[in-house]
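The next block holds one structure in the form of structure tokens; read it before the comments.
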Amino acid sequence: MFVRCCIMQTALQQMTKHELIELLQLRDQRLAERDQRLAERDQRLAERDQRLAERDQQLDHKQARIFDLEFQVKELQRLVFGAKRERFISEVPEAQLTLGLDTTDAETAEAVKAEIESITYERKKAPRTHPGRMEMPSHLPVVETVIEPDEDTSQMQCIGREVSDELELRPAAMHVNRTSRPIYAAAAAEDGTVRIVIAPMPKRPIDKCIAGVDLLTTIVTDKHVHHMPIDRQLKRFSMLGVDIPATTVESWQSLTAELLRPLYGVLRASVLKSSYLQVDETGLAVQDRTKSGTTHKGFLWGYHAPLGKLIYFEYQKGRGQVHCRPMLENFNGFLQTDDYQVYHQHKARDGVVGLACWAHARRTFEKA
């Protein structure tokens with residue numbers, strides 16, 4: 001090695017200046033080529049790393065998709081093949097721990113024997129009998145039709161009668177209520193004026209509306225109680241001989257709803273006075289009046305007072321804290337909801353006892 005270095009040093013000393021410059025240029029060229037090869041290799045490595053990162057990202061996406069699809073398949077299998085209701089299983093598994101609340105068979109037998117001895121007989125289930133025909137409602141008016149025999153009964157004495165009752169329905173019919181108010185002119189006064197006398201117009205639910213009270217009540221009741229859409233009601237009115245535009249019936253319904261607004265306020269106040277309140281919200285598609293053929297998602301909030309058997313519904317555009325605060329900010333009592341976070345603030349207030357929902361709690365146990 002030492003000898004080689006000495007030889008190279010001697011060779012460099014014997015080179016001319018031009019040869020040394022060429023040698024340095026050759027070295028610089030080789031170094032530049034090496035740097036270029038290194039840069040190309042680094043670029044290939046970077047491209048490979050990018051491809052690996054993209055592949056890992058695709059794998060993660062596919063794994064997440066597989067997990068999601070497997071979960072959906074399991075849920076569908078549970079819905080198709082799982083139990084549709086809870087069933088009591090009398091056989092207790094061996095691994096099930098006891099709470100120490102069970103009595104022995106001997107204690108149960110003694111308790112049953114003592115209960116039987118405390119009464120003079122054992123109750124037996126009576127044989128099931130046919131309830132018979134339904135009794136006719138006594139509050140309904142009776143339309144009686146008397147059918148006389150064909151032969152002459154003038155010389156006979158009626159010794160009784162056979163009565164057969166049937167429940168009948170009077171078909172709906174449209175008619176016109178006409179209110180006529182005669183106009184009278186009193187005798188002329190000394191100054192020549194004549195006084196006109198006419199009875200005042202009876203008060204009507206909707207001023208200048210051709211629909212009567214019974215018609216408005218039927219439209220609202222059929223729509224919201226019997227769930228009959230306006231379109232079906234219009235077809236029924238047409239069968240009765242009257243064609244009413246859909247926009248007209250819709251306006252009648254809106255105006256009637258305004259008449260019921262005071263009752264809506266009374267119902268709201270009555271529900272909030274309850275000491276036990278159940279609250280839940282559900283999403284529903286609402287038609288957008290500004291865009292034909294489109295809908296937006298709204299929410300119907302339900303407030304149920306079980307003790308008074310009162311239900312109050314309120315429509316809101318969302319399901320945030322601001323939408324239930326006016327109803328719950330002054331409520332005091334037992335508040336039962338699901339675990340939705342907007343209810344946590346109200347359950348934590350003084351004077352409010354938060355109750356959980358067994359239906360929501362059961363779902364996790366049922367899945368497990």
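The values are calculated or read from the model by the stated rules, or taken from the named source; none is laboratory data. Predicted model only: the values in this text are computed from it and were never measured. So basically every Cβ, Gly included, is an ideal-geometry build from the backbone, and we count neighbours across all protein chains shown. Protein only, heavy atoms only, side chains kept; ligands, DNA and RNA dropped before computing areas. Shrake-Rupley method; radii C 1.70, N 1.55, O 1.52, S 1.80 Å.
Before moving on, here are some points about what is shown:
- Listed by first and then second residue, the pairs linking a residue in the range 303-329 that is farther than 19 Å from residue 355 by Cα to a residue that is of a type in the set (Phe, Trp, Tyr), with Cβ atoms under 6 Å apart and 6 or more places separating them unless they lie on different chains, are 312/303; 314/301; 316/299; 316/301; 319/299.
- Boolean, residue 349 is in contact (Cβ under 8 Å) with a residue 12 or more places away in the chain, over 29 Å from residue 78 (Cα atoms) and surrounded by 13 or more Cβ atoms within 10 Å (Cβ to Cβ): no
- Selection status of residue 197, farther than 24 Å from residue 241 by Cβ and open to solvent by less than 100 Å² (accessible area, probe 1.4 Å): yes
- Screening residue 207 on (1) closer than 25 Å to residue 236 by Cβ; (2) open to solvent by 100 Å² or more (accessible area, probe 1.4 Å) shows it passes everything except condition (1).
- Counting residues in the range 169-179 that are loosely packed, with under 10 Cβ neighbours inside 10 Å, among the β-branched types (Val, Ile, Thr) and over 30 Å from residue 260 (Cα atoms) gives zero.
- As a summary of the residue check, residue 327 satisfies the conditions (1) among the hydrophobic types (A, V, I, L, M, F, W, C); (2) in a helix (DSSP H, G or I); (3) open to solvent by 70 Å² or more (accessible area, probe 1.4 Å) except for the one numbered (3).
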